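Structure first, then comments.
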Amino acid sequence: MLDGGEDYPEIRESVRRLCADFPGSYWRELEAKQAYPTEFVQTLTDAGYLAALIPQEYGGSGMPLRAAMVILEEIHASGCNAGACHAQMYTMGTVLRHGSAAQKEKYLPAIARGELRLQAFGVTEPTTGTDTTRLKTRAVRQGDHYVINGQKVWTSRALHSDLMLLLARTTPLEQVTKKSDGLSVFLIDIREALGHGLEIRPIEAMVNHNATEVFFEELKIPADSLIGEEGRGFRYILDGMNAERILVSAEALGDARWFTQRSVDYVSSRVVFQRPIGQNQAVQFPVARAWAHAQAADLLLRRAAARFDAGLPCGDDANMGKLLASEATWMAAEACLQNHGGFGYAREYDVERKWRETRLFQIAPISTNLVLSYIAEHILGMPRSF
């Protein structure tokens, strides 16, 4: 396997051994059934990897973000997929950074032990998409509880999570000075809410990502479900979004390694016209170019993680790193599929599955065009485009 870097060698080797028990056939069978990788997620939980970012005082490992990146990168470089559970790593960050002492004590140790799953985050809506400040889901305070009405879409893993972070508007948009004000974050107990104002429906998609749409109709939740102060929720989720972009980008880098290794192995042994096809520069160059782009993305994401762990602004690096990683892995995927020719379409090779999975990185957790508009406005100082 192509090396991902010299840091955290023990973690890298441990994750590789773990993933060896979940070969391509495991993922193909799951996809055929649109099933959740329960055994894989439980194995990661038992190994403590999903609690990597939870501080030791709450039962986690207290690792830096860079270590979590390595875990996810190696999972994907091994041909597995962490999309079913990666949010268990970072979604709890909103509770950790902005929750009350009581909320931290109640939830974080149980999440660290794997007794509770917090891996669903309700933000995106059908009519507003990534225009988050205009979301329509409302939470209205009524005495000692809130009443929630609205709808979310592309809320991944909601059917396999005990808890959900929800971003809802508590003050109408027309009553706030800044459109980012008046949004609040809530921690919803899915187990108690299902059938009592909460409905979750699965979405069949191009990849087996366990996506859902979520409906809230007069859902009553306790007032102490609020995280932090009412109306400041948008600020609370920004750090979490940066962590998400950095970590998911590490998965993209892992995929780039997988595709590159598959390309190298195949083109070096596939003989056509009495010579290995890898001897042809037209075959070599796309693979080499994708690898160079992946290495550049890796360096930028390492800097983003270092700034995040140091408490420094990391939005620029997180966004640019995500852009480069998503494009590098797609270049590697395209080269790999093309190099395999017709065999690239055969499911037994896993190339077509990973090809479909890695395309998602250019759309989520933030689309390529939105990253470009961020760079233009916030880094280069151009006029705001929307």
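Among the residues of region 343-386, the one identified as part of a loop (DSSP other than H, G, I, E, B), among the charged types (D, E, K, R) and either open to solvent by less than 30 Å² (accessible area, probe 1.4 Å) or within 18 Å of T124 (Cβ to Cβ) (or both) is D350. Of the residues making up region 54-92, those that are in contact (Cβ under 8 Å) with a residue 24 or more places away in the chain, open to solvent by 10 Å² or more (accessible area, probe 1.4 Å) and touching a Gly at 6+ places or on another chain (Cβ under 7 Å) number 2. When each of R232, R289 is tested for being of a type in the set (K, R), open to solvent by 20 Å² or more (accessible area, probe 1.4 Å), in contact (Cβ under 8 Å) with a residue 12 or more places away in the chain and farther than 16 Å from E327 by Cβ, the lone residue that passes is R232. A single entry from E192, E218 fulfils the requirement of being more than 19 Å from the chain's Cα centre (by Cα) and touching a residue at least 12 places away in the same chain (Cβ under 8 Å): E218. Open to solvent by less than 30 Å² (accessible area, probe 1.4 Å) and assigned to a helix (DSSP H, G or I), is that true of Q42? Answer is no for this residue. Only one of (1) in contact with a Leu (Cβ under 8 Å, 6 or more places away or on another chain); (2) open to solvent by 20 Å² or more (accessible area, probe 1.4 Å); (3) over 15 Å from T124 (Cβ atoms) is not met by D144, so which one is it? Status for D144: all satisfied but (1). Scan region 193-225 for residues that are open to solvent by 30 Å² or more (accessible area, probe 1.4 Å) and part of a strand (DSSP E or B) and the total you get is 10.
Of the residues Y49, Y8, Y36, Y26, which is of a type in the set (F, W, Y) and open to solvent by 60 Å² or more (accessible area, probe 1.4 Å)?
Working: Y49 fails: open to solvent by 60 Å² or more (accessible area, probe 1.4 Å); Y36 fails: open to solvent by 60 Å² or more (accessible area, probe 1.4 Å); Y26 fails: open to solvent by 60 Å² or more (accessible area, probe 1.4 Å).
Answer to the selection: Y8.
Among the residues of region 173-192 satisfying the criterion of being part of a loop (DSSP other than H, G, I, E, B) and within 14 Å of G233 (Cα to Cα), which is least open to solvent (accessible area, probe 1.4 Å)? That would be G182.
The values are calculated or read from the model by the stated rules, or taken from the named source; none is laboratory data. Given the structure is predicted, the values throughout are model-derived calculations rather than measurements. Note: ideal-geometry Cβ built from the backbone for every residue, glycine included; neighbour counts use all protein chains shown. Quick note on the areas: whole protein, heavy atoms, side chains included, nothing else; ligands and nucleic acids left out. Shrake-Rupley method; radii C 1.70, N 1.55, O 1.52, S 1.80 Å.
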